[in-house]
Amino acid sequence: MADQSEFEKRITRHSASTGSGSPDVWGIYEPDTGSIQYICADPETKKAALIDVVQDFDPKSFKLSTKAMDHLLDFVNEQGLTVDRVLDTHPHADHVMASALLKQRTGARNGIGEKVKDIAGLWRDFYNLPDAFDAERDFDDLFKDGDTFQIGNLEMRVMLTTGHTMGSITYVCGDAAFVNDTFMQPDSGTARADFPGGSTKELWNALQSILDLPDKTRLFIGHDYGSDDRNTPQWEATVGTHKAENIHLKNGTTKEEYINLRNEKDETLDLPDRMLAALQLNLRAGQLPDAESDGHHYLKLPVNKF
């Protein structure tokens, strides 16, 4: 296993624009959850989208803080960028999103895939909260497959890439694609598909649609946990590199072979330790439920359902 000391540091890397129509991308590694937060910016106008930003959450004390978000916003200011969009690729199971807080702090529109409404319906049943989770209230934009919008002079396109969740989307901006929890790094393969509403078959289809992008497209993944041969977090590789080197898909792997491999691996995985709390917040764009009569906020967690 990789030296975990490298995975306990907040690391920032710049992936420079490759020319006209190509964004500057910064990835900021968040060590508590192995998440990568992204800044996608137009080099000409300095307008930027913030993607999958983390709100700190301690699963032992249930304490929330904004250290990761504050660090990212300080960096945005240092780079002279203006936040134009706050984006998430899906309702995350392993970290609490900062969407609502970022909207308040920056005034930018926040968005996620429209199928978050379907995910909310699923989790209302798990939590027995029939009136919870109003996505149209909590998100300004609910994107569908093929939607486009501008980040400065750059166009961002939405791809529906389900499988990890039933509502996962990928944002494609020039030669950069933010592929959520579909791919891992080539030496780690692909992401799990066993969460409620997930589908290994749909994940295969999503992976293939991403691999149909031009070979030079930079793919930016959602998480990195290291490998036996690598001692520092990584989060960028091209489509061409994944085609040649991804351990789950290279060498002409068939759909049946992939589904069997992915299902076998998923059977060995535990639920993320933040999942049951995080989803109850993330389906509200990272907001707490309303305070109760004592002025405090409470989460409702299912017992013996998973």
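The values are calculated or read from the model by the stated rules, or taken from the named source; none is laboratory data. Being a predicted model, the structure only gives us computed values, none of them experimental. Counting neighbours? That spans all protein chains shown, and the Cβs are built from the backbone with ideal geometry, glycine included.
For the stretch 262-306, give me each residue that is among the hydrophobic types (A, V, I, L, M, F, W, C), at negative phi and assigned to a loop (DSSP other than H, G, I, E, B).
In the first step, residues of the stretch 262-306 are kept if they are among the hydrophobic types (A, V, I, L, M, F, W, C); the result is 269, 271, 275-279, 281, 283, 285, 288, 291, 299, 301, 303, 306.
Going one step further and asking which of them are at negative phi, we end up with 269, 271, 275-279, 281, 283, 288, 291, 299, 301, 303, 306.
Across the stretch 262-306, the qualifying residues are LEU269, LEU271, LEU283, LEU288, ALA291, LEU299, LEU301, VAL303, PHE306.
Quick grid of which residues meet (1) in a loop (DSSP other than H, G, I, E, B); (2) without any contact (Cβ under 8 Å) to a residue 40 or more places away in the chain; (3) crowded, with 20+ Cβ neighbours inside 10 Å; (4) under 16 Å from the mean Cα position of the chain (by Cα):
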{"position": "LYS201", "(1), (2), (3), (4)": "no, no, no, no"}
{"position": "ALA206", "(1), (2), (3), (4)": "no, no, yes, yes"}
{"position": "SER209", "(1), (2), (3), (4)": "no, no, no, no"}
{"position": "TYR225", "(1), (2), (3), (4)": "yes, no, no, yes"}
{"position": "THR232", "(1), (2), (3), (4)": "yes, no, no, no"}
### Task
Considering only the stretch 175-184, state which residues are without any contact (Cβ under 8 Å) to a residue 60 or more places away in the chain and among the acidic types (Asp, Glu).
none
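Residues in the stretch 298-305: is at least one among the polar types (S, T, N, Q) and at pLDDT 95 or above? Lay out the reasoning, then the answer.
From the stretch 298-305, those among the polar types (S, T, N, Q) are 304; that's our starting set.
From what is left, the residues that are at pLDDT 95 or above are none.
No, the stretch 298-305 contains no residue that is among the polar types (S, T, N, Q) and at pLDDT 95 or above.
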## Note on the structure
Scanning the stretch 119-140 residue by residue, those touching a residue at least 40 places away in the same chain (Cβ under 8 Å) and either among the small types (Gly, Ala, Ser) or surrounded by 15 or more Cβ atoms within 10 Å (Cβ to Cβ) (or both) turn out to be ILE119, ALA120, LEU122, TRP123, PHE126, TYR127, LEU129, ALA132, PHE133, ALA135, ASP138, PHE139
### Query
Can you tell me which of THR162, THR148 is under 29 Å from SER227 (Cβ atoms), modelled with pLDDT of 95 or more and of a type in the set (Val, Ile, Thr)?
THR162
### Summary
For the stretch 11-56, the count of residues that are farther than 22 Å from HIS95 by Cα and either among the charged types (D, E, K, R) or at pLDDT below 95 (or both) equals 5
### Query
Just a yes or no: is a residue in the stretch 239-246 modelled with pLDDT of 95 or more, surrounded by 19 or more Cβ atoms within 10 Å (Cβ to Cβ), over 17 Å from the mean Cα position of the chain (by Cα) and within 30 Å of ALA120 (Cβ to Cβ)?
no
### Task
List every residue pair whose Cβ atoms lie under 7 Å apart, where the two residues are 6 or more positions apart in sequence or sit on different chains, the first residue falls within the stretch 56-73 and is without any contact (Cβ under 8 Å) to a residue 24 or more places away in the chain, and the second residue, located anywhere, is outside any loop (DSSP other than H, G, I, E, B) and of a type outside the set (Phe, Trp, Tyr).
SER65/ASP56; LYS67/ASP56
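Quick check on my filter: what residues within the stretch 153-174 are closer than 28 Å to ASP194 by Cβ and free of Cβ contacts under 8 Å to residues at least 60 places away in the same chain?
Of everything in the stretch 153-174, those that are closer than 28 Å to ASP194 by Cβ and free of Cβ contacts under 8 Å to residues at least 60 places away in the same chain turn out to be VAL158, MET159, LEU160, THR161, THR162, GLY163, MET166, VAL172.
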#### Entry: Entirely in the stretch 1-110, the strands (runs of 3 or more DSSP E) that have 2 or more residues that are in contact with a helix residue (DSSP H, G or I) (Cβ under 9 Å, 6 or more places away or on another chain)
24-30, 35-41, 47-51, 54-57, 82-87
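Can you tell me how many residues within the stretch 217-258 are of a type in the set (D, E, K, R) and touching a helix residue (DSSP H, G or I) at 6+ places or on another chain (Cβ under 7 Å)?
Residues of the stretch 217-258 of a type in the set (D, E, K, R): 218, 224, 228-230, 236, 243, 245, 250, 255-257.
Cutting the leftovers down to touching a helix residue (DSSP H, G or I) at 6+ places or on another chain (Cβ under 7 Å) gives us 243, 250, 255.
Result for the stretch 217-258: 3.
The rows are residues; the columns are (1) among the aromatic types (Phe, Trp, Tyr); (2) closer than 25 Å to ALA176 by Cα; (3) modelled with pLDDT under 95.
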{"site": "LYS216", "(1), (2), (3)": "no, yes, no"}
{"site": "HIS223", "(1), (2), (3)": "no, yes, no"}
{"site": "ASP228", "(1), (2), (3)": "no, no, yes"}
{"site": "TRP235", "(1), (2), (3)": "yes, yes, no"}
{"site": "GLY252", "(1), (2), (3)": "no, yes, yes"}
{"site": "ASN260", "(1), (2), (3)": "no, no, no"}
{"site": "LYS265", "(1), (2), (3)": "no, no, no"}
{"site": "LEU279", "(1), (2), (3)": "no, no, no"}
{"site": "ALA291", "(1), (2), (3)": "no, no, no"}
### Task
Can you run down the residue pairs with Cβ atoms below 7 Å, 6 or more apart or on separate chains, where the first is in the stretch 83-109 and over 17 Å from GLY167 (Cβ atoms) and the partner is part of a helix (DSSP H, G or I) and modelled with pLDDT under 95?
none
### Task
Considering only residues that are free of Cβ contacts under 8 Å to residues at least 60 places away in the same chain and assigned to a loop (DSSP other than H, G, I, E, B), look in the stretch 141-152 and name the one that is surrounded by the fewest Cβ atoms within 10 Å (Cβ to Cβ).
GLY146
